[in-house]
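These notes are about the structure you will find just below.
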Amino acid sequence: MKQSKITDFSQKDILSIEDLSPIDINLILNLSEYYVSLNKSQNKKIPKLKGKTLINLFFESSTRTRTSFELAGKRLGADVINMSIEGSSIKKGETLLDTAMTLNAMHPDLMVVRHNESGAVNLLAKKVNTPIINAGDGCHSHPTQALLDALTIRRNLKKLDGLNVAICGDIMHSRVARSNIQLLNIMGSNVKIVAPSTLIPNSIEKMGVEIFHNMKDGLQNCDIVMMLRLQNERMHGSYVPSTREYYEIFGLSKKNLDKAKPGALIMHPGPMNRGVEIDTEVADNMKQSVIREQVEMGVAIRMACLEILNSKRVEG
Amino acid sequence: MKQSKITDFSQKDILSIEDLSPIDINLILNLSEYYVSLNKSQNKKIPKLKGKTLINLFFESSTRTRTSFELAGKRLGADVINMSIEGSSIKKGETLLDTAMTLNAMHPDLMVVRHNESGAVNLLAKKVNTPIINAGDGCHSHPTQALLDALTIRRNLKKLDGLNVAICGDIMHSRVARSNIQLLNIMGSNVKIVAPSTLIPNSIEKMGVEIFHNMKDGLQNCDIVMMLRLQNERMHGSYVPSTREYYEIFGLSKKNLDKAKPGALIMHPGPMNRGVEIDTEVADNMKQSVIREQVEMGVAIRMACLEILNSKRVEG
Amino acid sequence: MKQSKITDFSQKDILSIEDLSPIDINLILNLSEYYVSLNKSQNKKIPKLKGKTLINLFFESSTRTRTSFELAGKRLGADVINMSIEGSSIKKGETLLDTAMTLNAMHPDLMVVRHNESGAVNLLAKKVNTPIINAGDGCHSHPTQALLDALTIRRNLKKLDGLNVAICGDIMHSRVARSNIQLLNIMGSNVKIVAPSTLIPNSIEKMGVEIFHNMKDGLQNCDIVMMLRLQNERMHGSYVPSTREYYEIFGLSKKNLDKAKPGALIMHPGPMNRGVEIDTEVADNMKQSVIREQVEMGVAIRMACLEILNSKRVEG
């Protein structure tokens with residue numbers, strides 16, 4: 001793969017995987033490798049964003065993603081400002097934009113935005129000149145999660161094309177699933193969806209996936225099994241009969257894992273519901289589970305994304 | 001106006017505009033101009049507060065003001081600690097003072113304090129030796145808001161004296177109004193208050209303002225129209241019949257704006273209730289609205305205030 | 001006392017006073033003296049933790065302790081990340097560990113953890129390789145509080161052995177009491193417990209203390225009177241008849257203070273309930289009360305603890 005320069009990156013923002021080319025994606029992954037090493041060393045700081053201001057604007061609460069971006073920004077030497085504005089809604093559309101314009105007027109150099117409504121971050125990015133990274137919007141998109149998953153896969157399987165990947169569970173509400181499907185398709189892999197029909201959105205086959213309603217068929221011949229979190233608060237009534245029955249049919253038990261290729265990678269974006277969508281022994285199986293490595297890659301990916309958008313801006 | 005030195009500043013704290021002389025005010029505004037430029041440049045950091053600790057102590061929730069001070073402190077190289085202590089009250093007087101004394105014992109170099117009760121910040125400033133900036137106390141005072149408004153006005157109209165300024169809306173509950181009236185009076189401008197009688201406090205005429213109950217008369221011959229936020233939670237019953245009627249009579253519509261001088265500046269401390277106290281087209285009228293510039297000036301003003309109090313302390 | 005080196009410190013973590021030797025304790029106290037001086041100087045920063053990441057993980061809300069650790073980390077040049085995860089519980093044991101493992105995967109250099117359940121921090125420390133400081137777990141342990149109390153005592157009375165110390169009030173729920181009893185015993189002092197029988201845990205005499213049920217006998221011949229906070233929310237029904245009666249019998253009034261040695265030190269971990277466990281004049285008696293000095297020592301002790309654990313790790 002030819003080595004691209006940071007300034008070859010095609011976007012002002014990182015809003016959705018579908019905006020990215022394979023060159024963009026490889027650029028981010030390659031740069032991230034450097035940060036993976038740095039994060040393991042004694043001195044984890046490199047002053048690429050010295051004198052810059054990063055605002056983490058979270059309209060939806062988050063612990064790990066906010067921390068991951070905060071760490072990424074601080075290790076690059078940026079001043080990081082956290083803003084948590086919960087209970088806000090896209091229905092107050094003008095308020096969202098006014099908030100964004102207000103922050104924009106303070107001349108931040110980068111903004112990371114999470115919002116509970118699909119499309120909110122794109123709306124905001126159109127209005128401000130600060131580069132924006134989407135840290136998750138509604139059920140729509142979570143590009144840095146797909147990128148950190150890709151980096152984890154590439155480091156373990158040495159490629160991103162020609163792989164069979166099963167994504168299992170609550171596809172309906174999952175921005176992680178959507179972003180991963182897009183990335184894996186772009187890079188030439190094959191995605192299978194495994195879920196009860198109540199948790200599969202209507203037009204998902206248009207995204208270029210195969211649909212399965214049981215783990216046995218869905219996991220067959222898979223190199224990777226990617227489980228999704230089942231929100232307990234959505235578990236009642238219409239979607240799933242009970243967490244116990246859900247676990248029996250769609251949970252990743254040792255028995256279900258045997259349907260995949262021997263040594264298949266086990267992935268989960270976290271936080272896990274142990275005993276609901278994943279068996280605790282499977283989650284902690286250090287030979288196949290790369291769940292902790294995903295978290296580790298998250299910081300590196302976010303450092304790369306921040307550096308790329310900042311460089312692009314300064315050059316541009 | 002003669003150029004003063006930072007050490008000419010008369011106060012240990014910045015608690016209220018009425019404590020400041022015209023020399024003090026000009027000192028802050030002049031120093032802020034430098035920070036306005038810095039904040040537009042690539043490297044926005046200058047280590048004037050390196051090794052210093054700034055504590056942002058907020059007894060009342062705030063997004064923009066806290067962020068503005070946090071940014072100001074970080075760009076000056078300070079370590080910034082945010083503390084949010086909501087639900088607290090001046091009724092627990094000793095607890096407020098114990099909190100302040102506790103923080104004081106940690107040897108911060110500067111404290112920024114917001115409190116929901118009028119007078120709480122002054123009480124606290126008497127007890128601690130750390131320099132304090134009042135970031136808003138009850139309905140009493142919000143000096144950095146008035147200073148950033150003054151900077152915005154001076155940059156647009158080239159002076160602060162001899163101007164006619166209409167301040168419109170919920171004067172009763174507004175610390176922004178009080179601080180602006182004081183500053184504009186000190187600097188030689190003329191303030192008109194426009195509000196329904198239910199939203200005008202009893203002794204406001206003693207502050208040296210003219211009172212109007214309709215926009216037509218109040219805005220006549222005005223260089224500046226400063227709108228105040230109407231809190232929706234106070235909109236029921238006694239104060240205002242309905243937001244719709246309020247908008248019809250006291251909202252800044254294009255029609256009402258025509259009563260002011262041609263090209264009059266439109267100001268608002270934010271966050272705006274679009275369609276309540278201000279029409280959305282008027283707010284976004286880029287020829288006359290300086291609402292976003294106010295936010296931008298906010299960071300610069302706070303950098304200047306922090307630098308002045310710190311220098312004063314080190315010298316003193 | 002012979003001067004030890006930082007690398008003589010016996011522990012990877014600081015979880016409980018009972019894990020520490022007198023050498024460990026003196027090492028921390030001696031190093032803290034340097035930070036007491038630093039914190040009084042103009043430039044309070046020293047880059048011992050430059051390039052390092054400190055995560056403050058608080059499962060229980062806290063203002064002063066979190067701020068004290070944040071200040072300590074920042075003055076040492078670390079990047080500090082605050083995480084507040086309230087409402088969490090040890091019952092979700094796996095979730096606690098998953099949270100810890102997730103953070104561990106981000107390669108922090110140090111973690112400070114507070115949790116509402118006794119034992120939670122020890123459980124976590126077993127699972128992660130990051131050095132951990134216990135910032136308080138349930139009713140179990142709060143080692144940095146006991147260390148800062150010891151530093152305060154040593155600076156005022158020039159020794160830690162042969163002292164008579166009365167610890168008074170809600171012993172039952174107090175991790176502060178437990179850690180102080182352990183430390184004072186290790187260093188050769190004598191502890192008396194003064195409390196109503198409802199607030200004394202069953203096997204407390206095994207910790208090597210004398211028990212008293214009235215202030216007159218308990219305070220006799222004491223060099224130090226250490227009061228504990230009475231949580232108002234636990235004041236109803238079973239434990240205490242009323243705050244007024246509690247104050248009459250177990251509050252530290254001027255009259256009760258006269259039972260102790262003349263000039264006895266008055267201590268309180270804060271925040272105080274003035275008029276409940278301590279009289280306001282006694283609390284503010286600047287000749288005997290060292291309550292504010294305790295807060296000041298807190299930052300120094302935490303800087304020493306952070307430096308020691310970090311050095312140990314880098315060397316080890």
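The values are calculated or read from the model by the stated rules, or taken from the named source; none is laboratory data. Bear in mind the structure is a predicted one, so any value in this text is a computation, not a measurement. Quick reminder, even Gly has a Cβ in these numbers, built from the backbone with ideal geometry, and neighbours come from all protein chains shown. Heads up: the accessible areas ignore ligands, DNA and RNA and are worked out on the full protein's heavy atoms, side chains in. Shrake-Rupley method; radii C 1.70, N 1.55, O 1.52, S 1.80 Å.
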Problem set entry | The listed residue being surrounded by 19 or more Cβ atoms within 10 Å (Cβ to Cβ), of a type in the set (Val, Ile, Thr) and touching a residue at least 60 places away in the same chain (Cβ under 8 Å), out of A:191, A:276, A:299 | A:299
Exercise. Looking at (1) open to solvent by 10 Å² or more (accessible area, probe 1.4 Å); (2) under 30 Å from residue C:42 (Cβ atoms), can you tell me which one residue C:140 breaks?
Worked result: (2)
Exercise. With C:163, C:147 as the choices, which residue is more than 22 Å from residue C:305 (Cα to Cα) and touching a residue at least 60 places away in the same chain (Cβ under 8 Å)?
Worked result: C:163
Exercise. What helices (runs of 4 or more DSSP H), lying completely within region A:45-134, carry at least 1 residues that are modelled with pLDDT of 95 or more and within 13 Å of chain B (Cβ to nearest Cβ)?
Worked result: A:64-75, A:93-105
Exercise. Residue check, residue A:239 against (1) within 18 Å of the chain's Cα centre (by Cα); (2) surrounded by fewer than 21 Cβ atoms within 10 Å (Cβ to Cβ), all met but one. Which one?
Worked result: (1)
Exercise. Just checking, which of B:95, B:102, B:53 is β-branched (Val, Ile, Thr) and within 30 Å of residue A:51 (Cα to Cα)?
Worked result: B:53
Seminar exercise, completed: Residue count, region A:15-44, condition open to solvent by 10 Å² or more (accessible area, probe 1.4 Å) and part of a helix (DSSP H, G or I), comes to 13
Exercise. Of the numbered conditions (1) out of contact with any strand residue (DSSP E or B) (no Cβ under 7 Å at 6 or more places or on another chain); (2) under 27 Å from residue C:85 (Cβ atoms), residue A:255 satisfies every one except a single condition; which is it?
Worked result: (2)
Exercise. Going through region C:135-144 one residue at a time, which ones are without any contact (Cβ under 8 Å) to a residue 40 or more places away in the chain and either over 25 Å from residue C:187 (Cα atoms) or assigned to a strand (DSSP E or B) (or both)?
Worked result: C:137
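For the structure I just gave you, tell me whether residue B:186 is over 21 Å from residue B:256 (Cβ atoms), open to solvent by 30 Å² or more (accessible area, probe 1.4 Å), touching a residue at least 24 places away in the same chain (Cβ under 8 Å) and among the aliphatic types (A, V, I, L, M).
Values: over 21 Å from residue B:256 (Cβ atoms): yes; open to solvent by 30 Å² or more (accessible area, probe 1.4 Å): yes; touching a residue at least 24 places away in the same chain (Cβ under 8 Å): yes; among the aliphatic types (A, V, I, L, M): yes.
Yes; evaluated as a whole, the condition is true for this residue.
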For this session: Just need a number here: residues in region C:270-300 that are out of contact with any strand residue (DSSP E or B) (no Cβ under 8 Å at 6 or more places or on another chain) and within 11 Å of chain B (Cβ to nearest Cβ).
Result: 14
Exercise. What number of residues in region C:26-71 are among the acidic types (Asp, Glu) and in contact (Cβ under 8 Å) with a residue 24 or more places away in the chain?
Worked result: 2
Exercise. Can you find even one residue in region A:169-191 that is within 14 Å of chain B (Cβ to nearest Cβ), hydroxyl-bearing (Ser, Thr, Tyr) and touching a Leu at 6+ places or on another chain (Cβ under 9 Å)?
Worked result: no
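Residues that are within 24 Å of residue C:80 (Cβ to Cβ), of a type in the set (Lys, Arg) and touching a residue at least 60 places away in the same chain (Cβ under 8 Å): does region A:11-25 have at least one?
Step one: filter region A:11-25 for residues within 24 Å of residue C:80 (Cβ to Cβ), giving none.
Taking every residue of region A:11-25 in turn, none turns out to be within 24 Å of residue C:80 (Cβ to Cβ), of a type in the set (Lys, Arg) and touching a residue at least 60 places away in the same chain (Cβ under 8 Å).
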For this session: With the checklist (1) among the small types (Gly, Ala, Ser); (2) over 21 Å from residue B:170 (Cα atoms); (3) touching a Lys or Arg at 6+ places or on another chain (Cβ under 9 Å) in hand, flag the one item residue B:270 doesn't pass.
Result: (2)
For this session: With the checklist (1) within 29 Å of residue B:36 (Cβ to Cβ); (2) in contact with a His (Cβ under 6 Å, 6 or more places away or on another chain) in hand, flag the one item residue A:98 doesn't pass.
Result: (2)
